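The structure under discussion appears below in the form of structure tokens.
What follows draws every value from the coordinates through simple rules; no lab data is involved. What you are looking at is a predicted structure, and each value in this text was computed from that prediction instead of being measured. Heads up, the Cβs are rebuilt from the backbone with ideal geometry, glycines too, and the neighbour counts pull from every protein chain shown.
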């Protein structure tokens, strides 16, 4: 062997943070509120679980201020499963994120599902060793979050509704604008895109060169059936977050396993037909026009 | 003729492997079914969650056909979760996790800890003149190397790249650091 010995290892680098997101592709990340639910999720083939106090549909129903989960609950979930565990911090609440990092969480979700702590600033995510995922409704919002250090973007959809329409709107907007930027004629058009999207110019230029975000793009907010999962994957999502859709269905283990398979076989309607049969009731959905609060509007 | 290489695409980092293999001149197929597996000359098993992949191998009817192809000496490159699935013995796995048992290694899942312990480092690889930049994501560790398994690289004392017959397994992610040498060598060995 002519090469020299191993170098010192570097943790918390951008490559390492984005690398875990890369490994979650083609998978399902499931919201869980107890260790028991976490085990059901892992048994069904989840690639990761999101530990939180209440699923979004209950947050909607109960109201009040929604905060980071109790560390004790997070630790129970960590002890129950061997897959990565994520947890949510409020938008701008870097102290909650610091606590989640101290707990050894694998990914922090700076999430609009919780009540925002700062109406102007998001967390400086570069300052952390733990990687962050953030929601976005459009490409400008996605690139602003990446500029702040997010290593995974999820389209927001409208959490807790079981209604896929907002997720589709957000994914089509993000993917469509990336396609239009990749087709831009010259640099001057990219300057205009950066201005229009209120996004950092170097990131707009990167999208123009690669045709995609510099980080993986997942989908969240409203997925309730295997068909929903297939739809968002075909629209360009690289993995799916499922919140209320699993544990608000009539047979959570069955629905969870079916959505896992649907994300893998999203382009194969014959397999999807088999997977979708006999799952019982999906969660009861909400019409988005009737919502008092739109969670997707949180984030700046 | 270009070699036809499959990338197991049930879950995980398959897209990055496909991109690097194509850039090295291979024809790449994503593999999700037994019919697709039958068409390829070699296979890459990517990183991701080994528990999820194990379940999907079974539910997608791929477990038996894959074991048959591996028995018949199909060339395979397994990284991270792929290494775990190919190892004979897995520590800290799920009780129901399938093991293809092709490579006589004992591998511990998530041996380094949580994502906070994930890291990148240069390692020396047998046969490469300059160090290889390796990315370890919630990586497994090799705890025992059986007879007939060749260790091609170590990080510290731990073997991180091994070869046994038609199989090459890595605890790290050669598809993430932009270094094509391991994939190029895998393809060169096919001809």
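For the range A:113-234, a Kirkwood hydrodynamic radius built from all Cα pairs, placed in the Stokes-Einstein relation at 37 °C and 0.692 mPa s, yields a translational diffusion coefficient of 218 µm²/s.
Taking only Cα atoms of chain A, what ratio of Rg to Rh do you get with Rh as the Kirkwood inverse-distance radius?
Checking Rg against Rh, the ratio lands at 0.97.
Considering only A:106, A:228, A:70, the Gaussian network model of chain A with Cα springs below 10 Å gives its largest mean-square fluctuation to A:70. Mind giving me the nanometre distance, one decimal, between the label points for residue B:151 and residue A:102, set 7 Å out from Cα along Cα→Cβ? According to this spin-label approximation, the distance is 3.9 nm. With both labels modelled 7 Å from their Cα along Cα-to-Cβ, the residue A:182 to residue B:106 distance reads 4.8 nm.
Here the relative contact order of chain B, from alpha carbon pairs under 8 Å that lie six or more residues apart, stands at 19 percent.
Between residue A:196 and residue A:39, the modelled label-to-label distance comes to 5.3 nm, taking each label 7 Å out from Cα in the direction of the beta carbon.
Taking every DSSP bridge with both residues inside the range B:4-189, close to 50 percent are antiparallel. Within the range A:1-121, the proportion of C-alpha pairs whose separation exceeds 24 Å stands at 33%.
Here the calculated FRET efficiency for residue A:172 and residue B:144, from their Cβ-Cβ distance with R0 = 41 Å, stands at 0.20, rounded to the nearest 0.05.
With R₀ fixed at 35 Å, the C-beta to C-beta distance from residue B:126 to residue A:127 puts the FRET efficiency at about 0.35.
Set the Förster radius R0 to 35 Å, insert the Cβ-Cβ distance between residue B:41 and residue B:95 as r into 1/(1 + (r/R0)^6), and round the FRET efficiency to 0.05.
My answer for the efficiency is 0.55.
In the range A:174-300, the C-alpha radius of gyration followed by the widest Cα-Cα span (Dmax) gives 18.2, 54 angstrom.
Net length available on complete extension from residue A:8 to residue A:118 is 35.8 nm, with 0.36 nm assigned per residue and the Cα-Cα distance removed. Over all distinct Cα-Cα pairs of the range B:1-112, the Kirkwood formula returns a hydrodynamic radius of 14.0 Å. Considering every Cα-Cα pair within the range B:4-189, what fraction, in whole percent, is farther apart than 23 Å? Summing the P(r) tail past 23 Å for the range B:4-189 gives 34 percent.
Nearest 5 is fine: what % of DSSP beta bridges in the protein assembly as shown come out antiparallel, could you say?
Numbers: 21 of 67 bridges.
Counting DSSP beta bridges with both partners in the protein assembly as shown, the antiparallel share is about 30 percent.
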